[in-house]
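Colleague: Mind looking over this structure? Questions follow.
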Amino acid sequence: MVFSTTIFLFLFLPVFLGGYYLLPFRARSAWILLGSWVFYGWWRLDFLGLLVLTTIWTYLLGGVVAAGSAGSRPKGARVALIVGVVLNLGSLAYFKYFNFAVDSLNYVLSAAGADGASAWNVILPIGISFYVFQATSYLVDVYRGDAPAARSYLDLAAYIALFPQLIAGPILRYKDLADQLRWRTHSFSTFSEGAYRFMIGFCKKVLIADTVALIADVSFAMEQPGLLGAWLGTLAYSSQLYFDFSGYSDMAIGLGLMMGFRFMENFNYPYISRSITEFWRRWHISLSTWLRDYLYIPLGGNKRGPLRTYRNVLLVMLLGGLWHGAAWTFVVWGAWHGGILAVERYLGNRPGAGERTPGLFALPRTMFFVLLGWVVFRAPDFSGALRMYGGLFGLQGLGPREVLQVEIGFLSLAMLALSLFLIYAGPYLKGRSVLSAPAEAGSVLTGLSQLSSYSLAYARLFLIPLFLLGVLKLAAESFSPFLYFQF
């Protein structure tokens, strides 16, 4: 099931919230689990079985891991941790990377003149990348003593299957939800805050991301995109991806608030970053934090000399790229970001140092690197990426191709312009401190920040009509899943 469908908006959500608030608090975790299983099993019941099985072995092994105090773990605790991590990551590796491994092997065999290997096709269960990471972090945190062991299977299952974040994040940690599962407050103000946040995310997805997607789809499908077409397509995809994924995160956070949960923020205006280091502190925060705490730091972080630090950064980003998709294009995207992060560290551009670089230079430089990375991230293969790079650098003509002129309408272009305005003026319209933004932004953006209270009032006034417009658009068009479902 998907948030941006009429069946979710007008059937599942009203029934779920109605039952949730009619039940006493002690029964609400069970209702959350039941609703989350229905939400996930709506797609395929067999993969719901995998989710349940993952939760069972995580709960049982977590009990062994938690035995004894943090300072005197029995020998079986470490073994249980290893078994749990292997089972979780092993299931992810099989379902997500089996086809990729077979295809890569066959490519090598074909290049060597040998016959390829035949194998079955494995279907990727939706959301497995997210719930496996959550189950794994639970075991590690319990072993470290950073999180309490779940009081019951119900608590752990409700945490792993919590439907707002189940299939596309944010990646939550049990230690952040353990107390909320035991007790959380409910109020009209919290519920209305959640509904407001949900509607914002819905409008981001349906009105902006889905509309600018046409430009990206047409541009990346062209055989020889020209300069204008390539740049329009790349900008459109960067906008589509941001509003699609941050829209989903807004909807997840909003749904959590409707149930009294407070989830971590997952995006913090990443496109105003002045370095790639800062970008990864603002983009997909729950994933970058997870990779830092469970991969980068255990590898040694930056404590074992500069060469080991560069190696760790590059390795983490390679694995982060592979996490996003089972294709070599994602590996290259991870290497691109990892290489830039290593260079920034070498040049002394550590967290906080980016603020010393002139914003009018640093921001477009960072965005240029991000856009180049999005090309290989979006392209179906390296040939498609090379065609887009050729267009970006003017190697295939300067003007738009006929197909670009014919298929892209005014609405898509207008929405792309609006999306770029919201990306860069949004922090100021929302009332964020101009001190956290490039100082060279100037008095215009400072004036925008002073108008933030008015803009918020108008935003709330027009949000419901915009939400209804999004519902009408959704009902009139074909199904459009969130981009991150494929990851």
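Colleague: Within the group 386, 398, which residue is modelled with pLDDT of 95 or more and over 19 Å from residue 239 (Cβ atoms)?
Modeller: Testing whether each residue is modelled with pLDDT of 95 or more and over 19 Å from residue 239 (Cβ atoms) leaves just 386.
Colleague: (1) under 26 Å from residue 4 (Cβ atoms); (2) hydrophobic (A, V, I, L, M, F, W, C); (3) over 31 Å from the mean Cα position of the chain (by Cα): which one isn't true of residue 108, the others all being true?
Modeller: Unmet condition: (1).
Colleague: If a residue counts only when it is more than 17 Å from the chain's Cα centre (by Cα), buried (at least 24 other Cβ atoms within 10 Å of the Cβ) and at pLDDT 90 or above, which helices (runs of 4 or more DSSP H) contained entirely in segment 216-327 have at least 3 such residues? Even if it seems obvious, please write down each step before you answer.
Modeller: Numbers: elements: 227-258, 276-282, 285-291, 306-324.
Answer list for segment 216-327: 227-258.
Colleague: Taking the criterion of being in a helix (DSSP H, G or I), assigned by TED's automatic domain parsing to the domain that holds residue 233, modelled with pLDDT of 90 or more and within 17 Å of residue 334 (Cα to Cα), would at least one residue in segment 355-365 satisfy it?
Modeller: There is no residue in segment 355-365 that is in a helix (DSSP H, G or I), assigned by TED's automatic domain parsing to the domain that holds residue 233, modelled with pLDDT of 90 or more and within 17 Å of residue 334 (Cα to Cα).
Colleague: Residues that are polar (S, T, N, Q) and more than 19 Å from residue 168 (Cα to Cα): does segment 249-271 have at least one?
Modeller: no
Colleague: Given the structure, is residue 98 at pLDDT below 95 and part of a helix (DSSP H, G or I)?
Modeller: Considered against the rule, which asks whether it is at pLDDT below 95 and part of a helix (DSSP H, G or I), residue 98 comes out as yes.
Colleague: Output yes when any residue across segment 112-129 is within 30 Å of residue 149 (Cα to Cα) and either β-branched (Val, Ile, Thr) or in contact with a Cys (Cβ under 8 Å, 6 or more places away or on another chain) (or both), and no when none is. Walk me through it before giving the result.
Modeller: Kept after step one, since they are within 30 Å of residue 149 (Cα to Cα), are these residues of segment 112-129: 124-129.
Those still in the list that are either β-branched (Val, Ile, Thr) or in contact with a Cys (Cβ under 8 Å, 6 or more places away or on another chain) (or both) too: 126, 128.
Yes, segment 112-129 contains a residue that is within 30 Å of residue 149 (Cα to Cα) and either β-branched (Val, Ile, Thr) or in contact with a Cys (Cβ under 8 Å, 6 or more places away or on another chain) (or both).
The values are calculated or read from the model by the stated rules, or taken from the named source; none is laboratory data. Owing to the predicted nature of the structure, the values given are computational and were not obtained by experimental measurement. All Cβ positions, even for glycine, are placed from backbone atoms using ideal geometry, and neighbour counts span all protein chains on display.
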